[in-house]
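Each reported figure results from applying straightforward, stated rules to the coordinates on display, with no laboratory input. Fair warning: this is a prediction, and the values are worked out from it, not measured in the lab. Note that we place each Cβ from the backbone using ideal geometry, even for glycine, and neighbour counts take in every protein chain shown.
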Amino acid sequence: MEIQKTLTPSEREKTIGCLTNAFGADIINLDEFESRVESVHVAKTRKELHQIVADLPTENIDDCQTIAESENIACNMGNRTIAGSMLFAKKLNIEATSSSLNLDYRNVDLPDGVYEIHLSSVGSSFTIKLPEKYHVENRISSKSSSIKEPKIAIGNQKISVVIRLAGNIEGSSVNVVKARKPFWSRWLKQSQIVAT
């Protein structure tokens with residue numbers, strides 16, 4: 001018996017990723033896809049999510065997050081926080097002018113690989129929050145800008161996800177922070193109790 005808990009947006013996004021993969025492979029038609037996506041949004045338990053994709057070739061929702069080749073984000077004279085499925089891209093192209101952007105990867109479980117954040121910025125500030133296990137590779141070309149990144153002590157630690165920072169920034173700041181998941185997220189994970 002599964003004890004009820006609130007589903008996270010990430011769990012719903014992964015399930016929709018399974019459905020998107022099945023639709024793209026012509027396993028389900030458009031009507032079936034739309035119907036199942038509606039079911040994902042009203043599901044109350046992880047068991048219900050699994051039932052929605054149980055007849056698909058990949059029924060493990062943890063394996064289904066779709067990774068886009070690239071996503072484009074533009075922000076001019078604004079503040080923006082980006083989290084969740086928008087960050088599931090091999091390359092994130094960001095153009096910003098006089099803006100403040102916060103990229104929050106703390107609840108994003110990317111598959112092993114290299115992911116690029118390409119910045120094109122004038123007079124903007126960026127905060128990039130990464131899980132402790134992600135590695136940062138800085139290739140940004142900067143003019144009158146500051147870039148702060150955590151000191152890395154790799155040792156014997158296996159690096160499976162690399163976030164590569166690239167592009168050109170002028171009069172901008174980039175602050176990369178290694179951060180734990182928010183308290184409520186860690187608490188939810190610890191409170192998941194499944195009795196068999």
- Label point at ASN168 placed 7 Å out along Cα→Cβ; residues across segment 91-135 whose backbone nitrogen lies under 13 Å: 119-122
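Using a Förster distance of 25 Å, how high is the FRET efficiency between SER160 and ARG180, based on the Cβ-Cβ distance and rounded to 0.05? Display every interim value, and only then the final one.
Details: r = 18 Å, r/R0 = 0.72.
That gives a FRET efficiency of 0.90.
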- Query: Using 7 Å Cα-to-Cβ label points, what is the HIS41/ILE67 separation (nm, one decimal)?
  - Reply: 2.9 nm
- Which residues qualify? For ALA68, with a placed amide H closer than 5 Å and at least 5 residues away or on another chain, they are ALA89, LYS90
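Report the gain in length on full extension from ALA83 to LYS143: 0.36 nm times residue separation, minus Cα-Cα distance, nm rounded to one decimal. Each step should come with its number before you reach the end.
Values: separation 60, 0.36 × 60 = 21.60 nm, distance 2.76 nm.
Length gained, ALA83 through LYS143: 18.8 nm.
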- Item | Given charges at Cβ of Lys, Arg, Asp, Glu: segment 68-178 dipole, positive-most of MET86, SER70, ASN175 | ASN175
- Which order do peptides 10-23, 131-144, 89-102 fall in by mean Cβ count within 10 Å, highest first? 10-23, 89-102, 131-144
